[in-house]
Amino acid sequence: MKNDNQEALTHELPTHRFYYSVTSMISDMHQNKRGQDLYAGLYSCINSYYEESLALLRATTKLFETTDEQEKNFETRYSAERTKIEKLLENDEDEEVYRIFSSRLLEGKINFYDNLDLERNLFSLGTIVQFLSSFESTLHSLYKNIIEVDNHLSKIENVCKRDKGIIKYLKYFEKTLITNTTPIIIGTSNFQKLHQWIGFRNNIVHNNNETTEQLKEVINQRNLNIGVRRSKFIFDESNIRELAGLCGIILDSLVEEIFRPYFINSGALIE
């Protein structure tokens with residue numbers, strides 16, 4: 001029952017409303033050829049990202065539930081062993097044996113937690129990278145589908161000459177598809193947060209997650225729940241869910257506030 005409830009909550013996350021924003025446009029975009037072509041590509045990209053992000057969140061829940069359970073079981077065994085060893089102190093002649101056993105038990109505890117922390121962090125590192133890679137791939141696919149249908153649009157290399165990756169696609173969509181002068185994504189607080197997470201991703205990929213003063217400053221300024229241990233950044237489940245939510249919110253803004261007006265203006269969407 002617990003897993004069923006958690007899966008239901010995962011599917012109902014407000015940060016995944018981008019999926020429902022897209023599906024709500026189905027009937028309105030099927031009324032003409034242009035709308036059908038655009039919708040087909042749009043839905044395929046969004047649905048793929050939706051399923052991948054849910055799979056990553058489910059895997060995150062399973063991993064941390066499993067390691068939490070392992071930690072509880074270890075603590076139970078450790079307490080029992082500790083009690084046995086302390087009974088050795090009842091006889092003064094067993095004090096040396098007590099010290100040996102106690103030292104070995106403590107060493108085992110340190111090794112257990114070192115290994116558990118490493119497993120959690122390596123999983124978190126990979127998941128953070130995967131979330132942003134999937135997000136970037138989705139934006140790339142959206143761009144390709146839109147540019148293939150609307151050949152009047154400028155190519156991305158002519159609009160965003162200096163930017164790269166996720167930032168490049170978001171800037172392209174906002175600069176090219178609408179004429180709104182009020183920032184929708186670019187320059188917002190969510191955009192700045194995303195930019196910072198991209199910085200952590202790049203540090204993981206290109207710098208083996210070694211700490212840098214610049215990223216330490218980001219952690220302090222934003223009061224992020226990111227630790228430091230042995231010159232490495234330490235991430236956990238809350239970081240993964242924060243990033244997932246951030247990507248979902250930005251994608252929903254893209255769908256509702258940029259794509260929808262563009263589809264209406266181009267005649268692909270008739271409300």
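Listing for the model above:
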| read-out | value |
| --- | --- |
| Qualifying position, being aliphatic (A, V, I, L, M), modelled with pLDDT under 85 and out of contact with any helix residue (DSSP H, G or I) (no Cβ under 7 Å at 6 or more places or on another chain), among ALA80, ALA40, ALA55 | ALA40 |
| Residue among LEU106, LEU42, LEU89, LEU122 that alone is part of a helix (DSSP H, G or I), aliphatic (A, V, I, L, M), surrounded by 15 or more Cβ atoms within 10 Å (Cβ to Cβ) and at negative phi | LEU42 |
| Residue match in segment 115-130 (condition: farther than 30 Å from PHE74 by Cα and under 15 Å from the mean Cα position of the chain (by Cα)) | yes |
| Complete set of residues in segment 196-229 that are in a loop (DSSP other than H, G, I, E, B) and farther than 15 Å from ARG120 by Cα | ASN208, THR211, THR212, ASN223, LEU224 |
| Single residue of SER189, SER238, SER266, SER231 found to be among the polar types (S, T, N, Q) and crowded, with 17+ Cβ neighbours inside 10 Å | SER266 |
| Condition broken by VAL97, with the remaining ones in (1) at positive phi; (2) surrounded by fewer than 16 Cβ atoms within 10 Å (Cβ to Cβ) satisfied | (1) |
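The values are calculated or read from the model by the stated rules, or taken from the named source; none is laboratory data. Being a predicted model, the structure only gives us computed values, none of them experimental. Using ideal geometry, Cβ is built from the backbone for each residue, glycine included, and neighbour counts are taken over all protein chains shown.
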